[in-house]
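Chemist: The structure's right below; bear with me while I get my questions together.
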Amino acid sequence: MELRHIRYLLAVADHGNFTRAAESLHISQPTLSQQIKQLERLLDVQLLDRSGRTVTLTDAGLVYAEHARNALRDLEAGERAVHDVQDLTRGHLRVAMTPTLTAYLIGPLMDRFHRAHPKVTVSVTETTQDRLEEDLLADAIDLGIAFSGTHTAGIDATALFTEHLSLVVGADHALATHAGPLPIADLAVQPLALLSRDFATRVHIDGYLADHDVAPRVAIDANSISALVEFTRRGTLGTVLPDAIARAHPDLRPVALVPALPSRTVELLRRRTVYHSAAARAFAAIAEDVGAMS
């Protein structure tokens, strides 16, 4: 048995089709089929059900694939560990964070990290919190930055700083010169542009509104912070953003609400019991330092 047998089996399981799996592996379909049959002979068990339009794992295949994924993931982590250079003269780091944090936190973090370790390359991904934790567990990323709460088993969290949210409007909006905090009940008549419901920030906002029996007028759902800023600065819509984003845009005005929007804790997330590279440890230290100054 060789590693390619595992990779080939998992490719077929993921694609549900020999042709697409072979294309993703850049090998011919007959070669792929032959290798899978060879693995089944070695294990003396049928791993794939080929009788339907979609190729699926048998019961035995499901059990084997679960262990195979874990083994392959650990081997790849071991390979990265072997090639990790402790003095950070080379290396690669994979970081993911939620959209609101990308809008104001990733810039200062990456500036400091790159200045300190210019030969380390970094991949930055913007994603939802659920997907971020899934990617951590799958070893698809090294570190994540998201929000406190109930995390998936196997995820360790370190608090970085507290994020404060406000209603935000454009400089020409009627509420831009509002004196004093705005009663939350008044928010029900204000057209809003908000992040779509698959984002943690929207869940946080919806929970706050529901707790105070306010049904918002959501004119626009968007999956982009930059889009929300663009909609809002033109003066007809309000949104909810971290105060740090509002401060960075002179044409936006934060409006305090009563009761205030609840703050939330920003956390650095890591997969438990996994090797953490020198680059990951260095980035974590910078993140914690930046958090302490926030």
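The values are calculated or read from the model by the stated rules, or taken from the named source; none is laboratory data. Everything quoted here is computed from the prediction, not taken from an experiment. Every residue, glycine among them, receives a Cβ derived from its backbone with ideal geometry; neighbour counts consider all protein chains shown. Surface accessibility is based on the protein's heavy atoms, side chains included, excluding ligands, DNA and RNA. Shrake-Rupley method; radii C 1.70, N 1.55, O 1.52, S 1.80 Å.
Chemist: Convex hull over the alpha-carbon atoms of the range 218-294: what's its volume per residue in Å³?
Modeler: 161
Chemist: What is the set of long-range amide H partners of Val168 at a cut-off below 5 Å, with H atoms built 1.01 Å from backbone N?
Modeler: Amide H neighbours of Val168: Thr239, Val240, Leu241, Val255.
Chemist: How much accessible surface area, in Å² rounded to 10, belongs to the heavy atoms of His173 with a 1.4 Å probe?
Modeler: Around 20 Å² of this residue is reachable by solvent.
Chemist: Solvent-accessible area of Glu2, probe 1.4 Å, all protein chains present, reported in Å² to the nearest ten, please.
Modeler: Surface accessible to solvent at Glu2 totals approximately 90 Å².
Chemist: Give me the percent relative contact order of the range 1-149, please, defined on Cα pairs under 8 angstrom at least 6 residues apart. Walk me through the intermediate numbers first.
Modeler: Values: 152 pairs, mean separation 28.1, N = 149.
That works out to 19 percent.
Chemist: The range 82-194: percent of C-alpha pairs farther apart than 17 Å? Walk me through the intermediate numbers first.
Modeler: Numbers: 4244 of 6328 pairs.
Roughly 67 percent, rounded to a whole number.
Chemist: While we're on this one: What value, in deg cm²/dmol to 500, does the helix sum -39500 (n - 2.57) over DSSP H runs of n ≥ 4 give at 222 nm once divided by the residues of the chain?
Modeler: Working: 11 runs with 130 residues, N = 294.
Taking each H run of at least 4 residues, the total per residue is -13500 deg cm²/dmol.
Chemist: Separate question: Once amide H atoms are placed 1.01 Å from N in the peptide plane, what residues at a sequence separation of 5 or more from Arg217, or on another chain, have their amide H within under 5 Å of its amide H?
Modeler: Gln190, Leu192
Chemist: Provide the per-residue ³J(HN,Hα) series for the range 167-175, in order, calculated from phi with Karplus coefficients 6.51, -1.76, 1.60 and θ = phi - 60°, each as a whole number of Hz, with x at glycine and proline positions.
Modeler: Values per residue, Gly and Pro as x: 5, 10, 10, x, 4, 9, 6, 4, 8 Hz.
Chemist: Can you tell me the dipole magnitude for the range 58-212 around its Cα centre, using point charges on the Cβ only (Lys, Arg +1; Asp, Glu -1), in Debye to the nearest 20? Could you put the intermediate results ahead of the total?
Modeler: On the way: 11 positive and 22 negative charges, 101 e Å.
Value, rounded to 20: 480 debye.
Chemist: Quick one: putting +1 on the C-beta of Lys and Arg, -1 on the C-beta of Asp and Glu, what dipole do you get for the chain around its Cα centre, in Debye to the nearest 20? Show your work: numbers first, answer last.
Modeler: Values: 28 positive and 36 negative charges, 117 e Å.
For this selection, approximately 560 debye.
Chemist: Kindly express, to the nearest 10 degrees and within the range 0 to 90, the angle between helix 106-116's C-alpha long axis and the longest C-alpha principal axis of the chain.
Modeler: Computed tilt is about 60 degrees.
Chemist: With a 1.4 Å probe and all protein chains in place, put Thr121, Thr239 in order of accessible area, largest first. Numbers along the way, then the final one.
Modeler: Values: Thr121 75, Thr239 0 Å².
Solvent-accessible surface, decreasing: Thr121, Thr239.
Chemist: Residue farthest toward the positive end of the dipole of the chain, with Cβ of Lys/Arg at +1 and Asp/Glu at -1: which of Thr100, Leu39, Leu228?
Modeler: Projecting each Cα onto the dipole axis, the largest value belongs to Leu39.
Chemist: Here is a follow-up. Would you grab the residues whose amide H sits under 5 Å from the one on Leu160? Only those 5+ places off in sequence or on another chain, please, with H modelled 1.01 Å from N.
Modeler: Placed amide hydrogens put Val266, Glu267, Leu268 under 5 Å from Leu160.
Chemist: If you line up the Cα atoms of the chain on their principal axes, what length do they span on each, largest first, in Å?
Modeler: Sorted largest first, the three principal extents are 77, 50, 30 Å.
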